[in-house]
Structures are given as structure tokens and as C-alpha cells.
Amino acid sequence: MASDLVRFSITMPEELLDELDAYTSRRGTRLNRSETVRDIVRERLVDEATTDPEEEVVGSITMVYDHHTPGLAAQLDKIQHRHNTEIISTMHVHLDHESCLEIVAVRGRGRVVANMADCMLGLKGVRHGKLTCVAVGH
């Protein structure tokens, strides 16, 4: 059985190698250096692919906001209705008397998804938020 894996060597400072080994150990016993390096390379390639504004992406907009902020819920609804073709699903969680967590699953062109996230996360009353995406392309 032929393997599609290619062996190559990497030269790095010993201190960096020690950090890589510690990182590999923290991630679990099933991993070795090669698997860790492959995961890191894949992650960087996906990050690069999602910076293309025309690349199709899938991901989530996660935010914590103060639901007592006047008009905030209506503004969030308006943005989400305007982007109903990019929104796959939403989840709303009441964290306490003032705070809500909302997770919006999205899919679409990177430019459109990023613009939607910027609009939502920039609203007054949104305390924390982040858009996380991966490229859909193969």
C-alpha cells in the first residue's frame, strides 16, 4: 500500500522545538510532532483562504450583549433578516438578568459574512463578539 505522506525535515531553535513538544503534549496523547505540524499548517491555510472576500466561508458570529440596551434587539433582528440567505441557524441563551449570548451560524461569501458580523458586533450594547470562519472550498 503506497502512502501519500512525504517525509521532510524542519530546522528550528531548540527552545521552539521544546514549545512545540509541550503544545503537542497538552493537546493529547494521540498526537505526535508530525500530526501537530500538519494541524498548524492546515489552520494557517484555512485562515489565509478565509481572507479572500469572494471565498465561500462557513462559521459563527458569537456575541454577548446587554439585552436592556434600547433598540438593540430590534437592530440585531433587522440585520439578521437582511442576511437571511447567509444565516443557517441562531441560538439565544439568557446568561443572567442583563446578558444574553447569541450564536449565529453563517455561510456565504467572506466579504458578505464579514460585513454582517461588523454590523452586528459594532452595535451599542454588544459587549464582546467574534466572527470565526473556515473556508468551504476543498
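The values are calculated or read from the model by the stated rules, or taken from the named source; none is laboratory data. Note that the structure is predicted; figures quoted are calculated from it, not measured. We place every Cβ from the backbone using ideal geometry, glycine too, and count neighbours over all the protein chains shown.
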Determine, yes or no, whether Cys119 is under 27 Å from Val46 (Cα atoms) and in a helix (DSSP H, G or I).
-> yes
Would you mind finding the one in His81, His67, His94 that is free of Cβ contacts under 8 Å to residues at least 60 places away in the same chain and touching an Asp or Glu at 6+ places or on another chain (Cβ under 8 Å)?
-> His67
Check on Leu72, surrounded by 12 or more Cβ atoms within 10 Å (Cβ to Cβ), in contact (Cβ under 8 Å) with a residue 24 or more places away in the chain and either out of contact with any helix residue (DSSP H, G or I) (no Cβ under 8 Å at 6 or more places or on another chain) or farther than 15 Å from Met120 by Cβ (or both) = yes
Quick one: in the stretch 1-15, which of the residues that are more than 15 Å from Val37 (Cα to Cα) and not small (Gly, Ala, Ser) is modelled with the lowest pLDDT?
-> Met1
Across the stretch 23-69, which residue is surrounded by the fewest Cβ atoms within 10 Å (Cβ to Cβ) among those that are assigned to a helix (DSSP H, G or I) and basic (Lys, Arg)?
-> Arg26
Name, by its number, the condition in (1) more than 28 Å from Asp52 (Cβ to Cβ); (2) in contact with a strand residue (DSSP E or B) (Cβ under 8 Å, 6 or more places away or on another chain) that does not hold for Ala117.
-> (1)
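Conditions tested, residue by residue: (1) modelled with pLDDT under 85; (2) hydroxyl-bearing (Ser, Thr, Tyr); (3) not assigned by TED's automatic domain parsing to the domain that holds His97.
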position: Ala22; (1), (2), (3): no, no, yes
position: Ser25; (1), (2), (3): no, yes, yes
position: Leu31; (1), (2), (3): yes, no, yes
position: Ser34; (1), (2), (3): no, yes, yes
position: Val64; (1), (2), (3): no, no, no
Can you find a residue in the stretch 44-55 that is at pLDDT 80 or above and among the aliphatic types (A, V, I, L, M)?
-> no
Read through the list (1) of a type outside the set (A, V, I, L, M); (2) outside any helix (DSSP H, G or I); (3) at pLDDT 80 or above, then give the number of the only condition that Asp18 fails.
-> (2)
Residue tally, condition closer than 12 Å to Glu56 by Cβ and either under 14 Å from the mean Cα position of the chain (by Cα) or surrounded by 13 or more Cβ atoms within 10 Å (Cβ to Cβ) (or both), over the stretch 84-138 | 13
